[in-house]
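Any read-out appearing in this document is the output of simple, stated calculations on the displayed coordinates, not a laboratory observation. None of the values given here were measured: they were computed from a predicted structure. When we count neighbours, we look across all protein chains shown, and the Cβ atoms used for this are built from the backbone with ideal geometry, even at glycine.
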């Protein structure tokens, strides 16, 4: 009977999630203050370089796990190939420090979430938002530098549209016991253009477009039967011509 009731409860929660609308998890206030940003950073000697502008050998398609097909540009950046799907690292990771530079298209198209939208998913589960948030209002927990629909950035450190943005991110992965139960929450610290915008923010679970975060066995069914918690780093294809360059990480 207890097992049946547990299944019934899980089913009810899943049904409630499906009935939710994206707007129900949007937070518009407070709106982060706009400030002026800082400078760029070169890789340290112990960095694992994921992209230096020469090739995409460290990446693969998220859809079919074959070679990544995003466009490599003469300026040693790469650009999303719309509708080709996101790309993920061939290597999987736990806790890391990540440096990544990105820019939205110079030509402004769309507004809100429809302008310069991409994202960086750690372990394919937890997203730090990439979005053209320069003079472009959207819900605060979905603007650039947000932990998507979980944590609003402390300030808006955007450079103007079409200029390079820099994220330096410390990701401490959640920890689990042998039963797949979370025993220590993960957290993010994020610097945007040298400015602290997320200060050791606890990760509530997966970053969901619709519905509430998931964690523990909800995201890792069968954990304790040999399933590894590590996953790839993923860059999203949202259909916008967002570019990336100088991507490196350090394992923690």
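With everything on Cα atoms, drop me the angle between helix 2-19 and the longest principal axis of the chain, reported from 0 to 90° to the nearest 10.
Rounded to the nearest ten degrees, it is 30.
Here are some values of P(r) over Cα pairs in 10 Å bins from 0, in percent: (i) 7, 33, 40, 18, 2, 0; (ii) 8, 30, 33, 20, 8, 1; (iii) 7, 30, 37, 20, 6, 1, 0. Which one was computed from this structure?
Among (i) 7, 33, 40, 18, 2, 0; (ii) 8, 30, 33, 20, 8, 1; (iii) 7, 30, 37, 20, 6, 1, 0, the one derived from this structure is (iii).
Taking the DSSP beta bridges in the chain as the whole, what percent of them are antiparallel, to the nearest 5?
95
With a cut-off of 8 Å between alpha carbons and a minimum separation of six or more residues, what is the relative contact order of the stretch 33-251 in percent?
Reported as a whole number, the value is 32 percent.
Be a star and scan the stretch 87-114 for residues whose amide nitrogen sits under 14 Å from the point 7 Å along the Cα-to-Cβ vector of residue 175.
95
Among 237, 168, which comes first, then next, by fewest other beta-carbon atoms within 10 Å?
Fewest-to-most Cβ neighbours within 10 Å comes out as 168, 237.
Under a point spin-label approximation (7 Å from Cα along Cα-to-Cβ), what is the residue 91-residue 72 distance to one decimal in nm?
1.8
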